[in-house]
Amino acid sequence: DADQHAWRPRYHFSPKRHWMNDPNGLVHFDGEYHLYYQYNPQGDDWGNISWGHAVSTDLTHWQELPVAIPATDRLMAFSGSIVVDHANRGGFAPAGATVPALVAFFTGFDPGTKIQSQHLAFSLDRGRTFTPYAGNPVLDIGSTEFRDPKVFWHEPTQRFVMLVVVALEQQVWFYTSRNLVEWTRVSTFGPAGSADGNIWEVPELFALSVDDDPTRKRWVLIVSVNHGSLWGGSGVQYFIGDFDGTRFVADDAQPPTLWADHGRDFYAPIMFANMPDERVLWLGWCSNWEYARELPTQPWRGQQSAPRELSLVTTPRGLRLRQRMAAEMKALVGPEPLFTARENSAHMTAASLAQAGIQGRQLMVRLRALRAGLDSPIGLELLKGAGESVKVGFDPERNSFFINRSCAAPRFKGQSERHDAQRLSNANEIEIEAWIDGSLIEVLADGGSVALTDLVYARPDASCLGLFHGAAATVSLLEVHAMQATLCS
Ligand code: FRU
């Protein structure tokens, strides 16, 4: 019906039908990007967890393929990662084969015993189908909370590294291997960061360049934290530090808790392995365990963020994660802006925007305004309809960016909220980039040093765009673009 049509993301991936949570095994291989994901092939609630599969050649148009790793009666396939075994160290490719094996690591969950252990399965057909390794599990500590293996090749030590969470202990256990099947435990990280009572999930680790200098790299350890994150429910924490192939050591200087995204709906992000270039790109599940199973969509439930490029940036508050939209996303941004205004009083800009009557639920909006002289919040009214809207803005009093989704009709627990993120820059010009897609809003502010991702289920006819502001505000730029839909039918 109209609601579902309006809420369905058109340029973010969502499965045609049924339940989806975490992205899994993101990998580039032979000209294709693979997006596997936690999927219930039988219904729109969590269960029968399998690895669903979609593929893209450009990171923007996704084609859904048959389930890659199906659940069986005795084993669900929980989250994990994929490594391309170029040197055939695992011996899964037949001797003399020119095509390497894609080796998927996932947590096998036994619904009877509830034991979680690490399994592998390999693909010799470009990631379409996977054969379970006969010696599974490759790691089993008899635990019911041991999951989400991240495996990668560490060149300096010539070994594979695996990170696995021991969820209730708030720990990441590190293992190494030379052949992908025999693993030796080498170190432990955690507990660290956010409050007690949380569990850790989906660890991720990568090196990022600092201030766009490819010769300066630092390691970043990601843990997705369930319950008690920033606004309650699930969220993503990170630590900056060093990794020597064995041990991750976090810098002393950083605040105890750094959040990757300050909205409510960004979880379990992982990076694409085996990239054809030096970029680190990730995407995450846009939802929150606190209400994921109640979201009002059907026949699908779950959507992924757009791919974002990661780096580290020096801010007046220290080193921080920066997220910018992957360059590929530019191909979807309409070439001619629907609306442009420069160097004007906010009052005049708002008036001409209102006159232009811009409508759309697939938009990219960039707003730049001067901080000096701002005496009240300034920002965008998105998905605006009779008596409702979503506000995305900057609040000079709190020095924060925010999404306020409380002004749209509440459709799930948690929608009546405002989410703030401290501004990190001291520059006079503030910048908000908002990517709107039906029911999904990704905000990357101040060049990506602040990220806020939220879901909102506005009425299907709520599609206008407005500008709110105080008396003295100056807008240096307001640019509105239509986003091209990529949904294939
Ligand atoms: C994270 C998570 C993982 C687990 C998967 C199960 O959202 O809870 O820890 O492997 O989802 O679907």
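3J(HN,Hα) along the range 99-108, derived from phi through the Karplus expression 6.51 cos²θ - 1.76 cosθ + 1.60 where θ = phi - 60°, amounts to 9, x, 7, 8, 10, 9, 10, 8, 8, x Hz, with x in place of Gly and Pro. For the chain, the solvent-accessible area with a 1.4 angstrom probe is 36 square angstrom per residue.
The charge dipole of the chain, taken about its Cα centre with unit charges on the Cβ of Lys, Arg, Asp and Glu (plus for the first two, minus for the last two), comes to roughly 200 debye. If the segment from ASN136 to SER376 were pulled out straight at 0.36 nm per residue, it would be longer than the present Cα-Cα gap by 80.5 nm.
For the range 41-57, putting each phi into the Karplus relation 6.51 cos²θ - 1.76 cosθ + 1.60 with θ = phi - 60° gives couplings of x, 10, x, 9, 10, 4, x, 6, 5, 10, 8, x, 8, 9, 9, 8, 9 Hz, in residue order, rounded to whole numbers and with x for Gly and Pro. For the pair THR184 and SER416, label points projected 7 Å from Cα toward Cβ lie 5.8 nm apart. Of the residues LYS391, LYS16, ranked by 1.4 Å probe accessible area with the largest first, the sequence reads LYS16, LYS391. Residues THR98, THR184, ordered by accessible area of protein heavy atoms at a 1.4 angstrom probe radius and largest first, appear as THR98, THR184. Only helices enter this figure: runs of n ≥ 4 DSSP H residues, each worth -39500 (n - 2.57), summed and divided by the residues of the chain, yield -1000 deg cm²/dmol at 222 nm to the nearest 500.
Between 0 and 90 degrees, the angle of helix 346-356 with respect to the longest Cα principal axis of the chain falls at about 80 degrees. Only Lys, Arg, Asp and Glu carry charge here, each on its Cβ (+1 for the first two, -1 for the last two); on that basis the range 215-279 has a dipole of about 20 debye about its Cα centre. Accessible area per residue (1.4 Å probe, heavy atoms of protein chains only) ranks GLU328, GLU442 as GLU328, GLU442, with the largest value leading. Applying the Karplus relation 6.51 cos²θ - 1.76 cosθ + 1.60 with θ = phi - 60° to the range 111-128 yields 3J(HN,Hα) values of x, x, 7, 6, 5, 10, 9, 9, 10, 10, 8, 10, 10, 10, 10, 6, x, 7 Hz, where x marks Gly and Pro.
Dividing the mean sequence gap of close Cα pairs (under 8 Å, 6+ apart) by how many residues the chain holds gives a relative contact order of 15 percent.
Note on the range 264-400: with charges restricted to the Cβ of Lys and Arg (+1) and Asp and Glu (-1), its dipole about the Cα centre is near 180 debye. Only protein heavy atoms count here; under a 1.4 Å probe, VAL55 has an accessible surface of about 10 Å². Its relative contact order, with pairs defined as Cα atoms under 8 Å and 6+ residues apart, puts the range 243-315 at 27 percent.
Among the trypsin sites (Lys or Arg not before Pro) in the range 392-489, those located in a DSSP loop and surrounded by at most 13 other Cβ atoms within 10 Å of their own Cβ are ARG398, LYS413. Share of carbon and sulfur in the accessible area of the chain stands at 50%, probe radius 1.4 Å.
Annotation: extensible slack from ALA327 through ASP125 equals 69.9 nm (criterion: 0.36 nm per residue apart, minus Cα-Cα distance). Loop-located GluC sites (Glu not before Pro) across the range 171-249 with a Cβ neighbour count of 13 or fewer within 10 Å are GLU182, with loop assigned by DSSP. What FRET efficiency, computed as 1/(1 + (r/R0)^6) with R0 = 41 Å and r the Cβ-Cβ distance, is obtained for ALA409 and GLN63, rounded to the nearest 0.05? The computed FRET efficiency comes out at 0.75.
Reducing the range 122-181 and the range 35-90 to their Cα centroids gives an inter-centroid distance of 16 Å.
How large is the convex hull of the C-alpha atoms of the chain per residue, in Å³?
Measuring per residue, one finds 139 Å³ for the Cα hull of the chain.
Subtracting the Cα-Cα distance of GLU155 and ARG216 from their residue separation scaled by 0.36 nm leaves 20.2 nm. Taking the Cα of LEU487, stepping 7 Å toward and past its beta carbon, and measuring to each backbone N in the range 1-43: which are under 15 Å? Once the point is set 7 Å along Cα→Cβ of LEU487, 1-18 turn out to lie under 15 Å by backbone N, inside the range 1-43.
The values are calculated or read from the model by the stated rules, or taken from the named source; none is laboratory data. Because the structure is predicted, anything quoted here is derived from the model rather than measured. All Cβ positions, glycine included, derive from the backbone under ideal geometry; neighbour counts span all protein chains shown. These area figures cover heavy atoms from the full protein model, side chains too; ligands, DNA and RNA do not enter into them. Shrake-Rupley method; radii C 1.70, N 1.55, O 1.52, S 1.80 Å.
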